[in-house]
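> Below is a structure I'd like to ask you about.
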Amino acid sequence: MTTSLMHDLVPAFAAARTIEYPWMDDAGAATYLDHASTGAIPRRGAAALERYARLRHRPQELQAEHFFPVLARSRELAARLIGASAREIALTTNTTHGLNLAAFALPLEAGDVVLMPDGEFPANVFPWLVRARRTGATVVRLPLVDGVPEEAALLQAIATHPRVRGVAVSWVSFWSGARLDLAAIGAACRARGAWFTVDAIQGLGALPLDVKAAGIDVLACGAQKWLQSPWGTAFAYVRDELVTQLEPPVVGWMATEGSEDLGAMCHYREDWFGDARRFEQITLPMQDFAAMNESLALFLELDPHAVAAHIAALGDQAVAWVDAHPHVRLVTPRARAQRAGVLAFVPPDVAGTSARLRAAGVMHSVREGCVRLSPHWYTTPAAFARALDLLDA
Ligand SMILES: Cc1ncc(COP(=O)(O)O)c(C=O)c1O
């Protein structure tokens, strides 16, 4: 692949970076390596937010197109991103909503077991603990090995645990960056007749995903990180065959057939939509979804496979750097297939290293005792090399 001299990026990324993030070329600009916390909204998304702010200030100028067609496009784009149909997408305002949908709508009975690795983000733990307490089911957390989930042990547990009913995982760990093989877990779940739910927020946007190939039943994903969208944008995927079997655990007023007719609302017919809109809670933040549409369209234009290749190469760079700097430990697995964009390092002095990075304008975070760097498609190898060098005093 040819790279642009100016940016050390492939030409399509260099051009998009110049248009969407002009501030990144300012003298002394920050090096933004914190997508695992909060994504950088592209200029076209920021423009959508500004457009809506103006429209809400002068609401007489709002048109029908500013409402439901925006949400319809969000469902279509989210579906395209994960190889689903728009009928399988419910728009939500955070990942947590989709995880609660999974935990409270999927069948679970006394004695059943839900498997997950230890070290999950709390949003993917608390809903299951509460549902388990209410039903008499059990959540079994499998121990980590060297800080990362042991996939073989998870597959073994799925195959052999006498009461396994479901598996709930994060695709990519929020702190170690370990990526699970969703297709392998999905196949094991299918073989066992167990349902399979995924928190995809730390993977989607850095990696492509095909939910059908992975055999996922319910997926929840916030768009505020790797998908570079506003807070308050997220979606849940519910596999088509499951949609009509699940009753919404929290009930929206526009979740039923005919609810678009705002002239006749007081018939109260419990006639849930036959698609995943039955799980939505309207009113949704139109301005935020309008901006999300811009970000998802950009990501699809750039090509998720090309983005993943760039991020994988930055990961390779981190592995090579750690090999040359034995004081710093890489917690993230070294193999490309087992990592995404979250890279976790343990330097001898985590707090001091974090302070050094901050002083140099390298935006990052510290999670579970690790310095977490999370670069994206516009991170140049040169800028990433400078950040890596700051990890070693
Ligand atoms: C794995 C994971 N799940 C969920 C969340 C957040 O969920 P929500 O979108 O509900 O705030 C985060 C990060 O904040 C996360 O890293």
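Nothing in this text is a laboratory measurement; each read-out follows from the coordinates by a stated rule. Treat the numbers as computed from the prediction; the structure is a model and nothing was measured. Using ideal geometry, Cβ is built from the backbone for each residue, glycine included, and neighbour counts are taken over all protein chains shown.
> Residue separation times 0.36 nm, minus the C-alpha to C-alpha distance between Ala15 and Leu62: what's the value?
13.6 nm
> Here is a follow-up. What percent antiparallel are the DSSP beta bridges of the stretch 61-301, to the nearest 5?
Bridges in the stretch 61-301 that DSSP calls antiparallel: roughly 45 percent.
> Ala183 to Ala152: FRET efficiency via 1/(1 + (r/R0)^6), r the Cβ-Cβ distance, R0 25 Å, to the nearest 0.05?
After rounding to 0.05, the efficiency reads 0.95.
> Once you have the Cα-Cα distance between Thr283 and Ala27, take 0.36 nm times their residue separation minus that, and quote the gain in nm to one decimal.
The Thr283-Ala27 span can extend by a further 88.0 nm.
> Can you work out the FRET efficiency for the pair Val251 and Leu49, with r the C-beta to C-beta distance and R0 = 30 Å, to the nearest 0.05?
E(calc), rounded to 0.05, equals 0.55.
> Could you tally the net charge around Arg73, taking each other residue with its Cβ under 12 Å from the Cβ of Arg73, Lys/Arg +1 and Asp/Glu -1?
Once positives and negatives cancel, what remains is -1.
> Also, I was wondering about something else. Explain nothing, just the number: dipole magnitude of the chain about its Cα centre with +1 on each Lys and Arg Cβ and -1 on each Asp and Glu Cβ, in debye rounded to the nearest 20.
Magnitude of the dipole: close to 400 debye.
> What is the order of Ser170, Ser85, fewest Cβ neighbours within 10 Å to most?
If I rank by nearby Cβ atoms, fewest first, I get Ser85, Ser170.
> For Ala110 and Leu144, what does the FRET efficiency come to when R0 = 30 Å and r is the distance between their Cβ atoms, rounded to the nearest 0.05?
So, using R0 = 30 Å, E works out to roughly 0.60.
> At 7 Å along the Cα-to-beta-carbon direction for both Leu262 and Ala337, put a label point, then send me their distance in nm to one decimal.
Label at Leu262, label at Ala337, 5.1 nm between them.
> Would you please put 61-68, 151-158 in order of how densely packed they are, using the mean number of other Cβ atoms within 10 angstrom per residue and starting with the highest?
151-158, 61-68
> Put +1 on the Cβ of every Lys and Arg and -1 on every Asp and Glu Cβ in the stretch 61-301; which of Val148, Cys266, Gly98 then has its Cα farthest towards the positive end of the dipole?
Highest projection toward the positive end goes to Val148.
> May I ask you to list the residues of the stretch 189-232 whose amide nitrogen lies under 11 Å from a point 7 Å from Cα along the Cα→beta-carbon direction of Thr38?
Label zone hits: 231.
> Once you list every other residue whose beta carbon is under 14 Å from the beta carbon of Leu55, what net charge do they have if Lys and Arg are +1 and Asp and Glu are -1?
Residues close to Leu55 contribute a combined charge of 0.
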